[in-house]
Amino acid sequence: MDITTQNPTSPPASRPSEVEQKRAARAATRPGDRVFLALSRGSGVFLLVLMAAIAGFLTYRSALALSENEANFFTTFEWNPTGNPPEFGIAVLAFGTVVSSIIAMAIAVPVAVGIALFITHYAPRRLAGPIAYVIDLLAAVPSIVYGLWGVLFLVPHMQGLYGWLDDYLGWTGIFEWQGGAPRSLFTAGVVLAIMILPIITNVSREVFRQVPQMHEEAALALGATRWEVIRMAVLPYGRSGVISASMLGLGRALGETMAVAMVLSPAFTINASLLDWGGGTFAQNIAAKFSEASVMGRDALIASGLVLFVITLLVNGTARMIVARRKEFSGANA
Amino acid sequence: MAKRIDVSGLNAYYGSFLAIEDISMSIEPRTVTAFIGPSGCGKSTFLRTLNRMHEVTPGGRVEGKVMLGDENLYGAGIDPVSVRREVGMVFQRPNPFPTMSVYDNVAAGLKLNGNFKKSELDDIVERSLKGANLWNEVKDRLNKPGSGLSGGQQQRLCIARAIAVEPNVLLMDEPCSALDPISTLAIEDLIGELKERFTIVIVTHNMQQAARVSDRTAFFNLAAVGQPGKLIEMDETERIFSNPSVQATEDYISGRFG
């Protein structure tokens with residue numbers, strides 16, 4: 001239909017124009033909206049189904065193994081699912097996983113926050129770019145390379161630090177060293193710290209970069225030094241972001257397999273000292289035993305995997321609670 | 001308290017760009033001085049040279065002299081941080097710290113200046129909020145976030161924060177441009193009260209506001225975009241708005257350009 005030839009001056013008011021007709025037809029269906037709604041809703045549902053499927057699988061296979069287990073699953077210091085009677089427990093693995101991750105966080109979080117602040121607030125621009133690039137590069141190194149580096153370079157060079165810790169902090173019991181090869185939970189924690197450093201740094205850097213200029217100027221105008229600006233305006237604003245970043249790092253540390261398996265000298269014992277041999281982590285234990293395990297052995301390992309799954313959920317839930325508790329002071333409502 | 005400002009031969013740059021050229025003026029203690037002029041004429045830049053905030057901008061630098069009392073703010077060995085503790089500033093957009101409560105916002109500057117007892121802090125916070133005509137509105141919500149207040153209340157909170165540290169001078173960079181007329185009136189009344197204690201310099205785009213609140217008015221202008229801004233004339237506010245001595249000033253205030 002060609003309006004200009006039929007009605008050269010103006011279309012009659014009673015009949016909608018071609019544009020109006022098309023607009024009405026489009027409004028009735030809105031195909032773009034429908035497709036997008038279906039896609040986004042589908043993705044959300046898919047994720048939930050996937051999580052439920054993983055949890056269901058882990059629970060089912062775990063139940064098979066746990067029904068055969070003759071020992072207390074949570075308190076036993078032993079892993080012998082094919083013995084007669086089968087006895088296995090996750091006490092050592094839970095301890096090793098949590099302790100090595102705590103060591104990693106204790107080292108990595110302060111350093112990562114420091115690097116992120118340096119890049120965003122201290123470094124001259126031509127230095128900040130390359131540093132950020134190198135950190136990105138670190139994130140792309142596969143974990144087995146960290147493992148190789150850990151076992152071939154770090155372990156032989158840890159003797160000095162171990163000796164120093166034993167001399168000055170040995171009295172605490174936590175840093176007592178018997179003189180064995182330094183392939184303990186502590187060394188595993190150090191390797192993990194280096195592995196989770198890039199992700200915590202990168203996310204923190206983005207958060208610090210987004211602190212509004214006007215908040216920093218408010219602090220400056222009150223006569224704050226650069227450090228005081230960071231303390232008054234930057235760190236409080238970035239707090240929830242840094243917590244989220246740390247949780248991403250912690251998630252990786254809890255589940256890291258290869259690097260820990262290569263560095264750690266595992267044993268089913270719990271030592272008071274972090275520097276002595278022994279201990280193990282969930283992921284490391286699964287990697288070490290899975291290929292040679294019987295059906296029962298595999299189900300037992302899956303049961304330990306279920307515990308790791310639950311620990312990760314608990315950690316993330318706690319982090320969310322911490323972030324939500326001070327929501328009205330987060331700066332999100334500014 | 002309230003000190004006199006004498007500026008002579010001041011140039012301010014962004015990198016190699018000369019933003020304001022050869023500005024000299026005197027500002028008497030306990031007066032309100034308004035800076036008016038078209039956008040880009042450098043009045044905000046000049047304001048920020050008075051507490052050394054200009055050099056916070058990358059590439060920002062200043063030549064010339066700004067005497068506060070008998071001290072040159074740009075003299076050798078002067079720490080910009082200590083300058084900013086003497087010369088307070090209120091910004092265009094209200095910027096209370098969103099992560100702090102009303103109380104902590106007011107106390108923020110004090111905590112930079114030394115150790116105060118809780119009772120001393122309480123007193124100063126109350127006095128500052130009263131000084132900013134905000135006390136009655138917030139006294140029951142001192143521990144709520146400062147960002148939960150209305151825009152006009154937030155701006156008065158920023159004024160309370162600035163006056164809590166007892167500066168010699170209070171700089172205001174278009175403090176009402178983000179506010180509604182009623183909040184604007186509240187701030188203007190407040191400026192009238194604050195000039196009893198402080199030397200106040202205010203940048204404004206609103207000429208009625210300049211006429212209402214200021215004792216003296218300085219008109220800035222620039223010859224063309226890319227040219228540096230200059231001080232055209234400065235006089236008693238009444239004179240500037242009735243009988244200015246420069247034609248460009250009259251054109252601007254009568255709305256013939258800008």
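Some points to look at:
- Net charge dipole size for the protein assembly as shown [Lys, Arg +1 and Asp, Glu -1 on Cβ; Debye, nearest 20]: 1000 debye
- Part-to-part distance (alpha-carbon centres) for the range B:233-258 and the range A:76-122, which is given in Å: 72 Å
- Sequence of A:Y146, A:Y162 once ranked by neighbouring C-beta atoms within 10 Å, starting from the fewest: A:Y162, A:Y146
- Axis angle, to the nearest 10 degrees, between helix A:159-169 and the longest C-alpha principal axis of chain A: 80 degrees.
- Peptide A:208-221 shows a mean partner chain C-beta count of 5 within 10 Å per residue C-beta.
- Residue-count net charge about B:R141 - beta-carbon cut-off 13 Å; Lys, Arg +1, Asp, Glu -1: -2
- Full extension of the chain segment joining A:T225 with A:I243 gains 4.0 nm, where the gain is 0.36 nm per residue of separation less the Cα-Cα distance.
- Here the mean projected area of the convex hull built on the C-alpha positions of chain A is 29.8 nm².
- Förster-model FRET efficiency, 22 Å R0, A:V134 and A:R209, C-beta, rounded to 0.05: 0.80
- Entries in B:K43/B:K65; B:K117/B:K144; B:K111/B:K195 that, when Cα-Cα distance is taken, lie over 23 Å: B:K111/B:K195
- The modelled label-to-label distance between A:A91 and B:S242, using points 7 Å beyond Cα along the C-beta direction, is 9.4 nm.
- FRET efficiency, 1/(1 + (r/R0)^6) with R0 56 Å, evaluated for A:K327 and A:F77 via beta carbons: 0.85
- Local charge for A:Y162 was computed over the other residues whose Cβ lies under 15 Å away, with Lys and Arg +1 and Asp and Glu -1, and equals -3.
- 10 Å Cβ neighbours from other chains, averaged over peptide A:227-240: 2
- Spin-label pair A:R125-B:N136: with each label point 7 Å from Cα along the Cα-Cβ axis, the two points sit 5.0 nm from one another.
- Percentage relative contact order, chain A, counting C-alpha pairs under 8 Å, at least six apart: 24 percent
- The distance linking the range A:17-71 with the range A:260-334 is 28 Å (Cα centroid to Cα centroid, whole angstrom).
- Within the range A:169-210, backbone nitrogen closer than 16 Å to the virtual label 7 Å beyond the Cα of A:Q159 toward Cβ: A:177-184
- DSSP-defined antiparallel bridges as percent of all bridges, the range B:102-236, nearest 5: 60 percent
- Label sites at B:N143 and A:A181, each approximated as a point 7 angstrom past Cα along Cα to Cβ, lie 5.7 nm apart.
- Helix axis angle, A:125-140 relative to chain A longest principal axis, alpha carbon, degrees: 60 degrees
- Selection from A:G317, A:I270, A:A24, by position along the positive dipole direction of chain A (Cβ): A:A24
- Charge tally around A:R326: other residues with Cβ under 14 Å, Lys/Arg +1 each, Asp/Glu -1 each, net +3.
Just so you know, all these numbers are worked out from the coordinates, no wet-lab data involved. Values in this document were obtained by computation on a predicted structure and should not be read as measured data. As a convention, Cβ positions derive from the backbone with ideal geometry for all residues, glycine included, and neighbour counts pool all protein chains shown.
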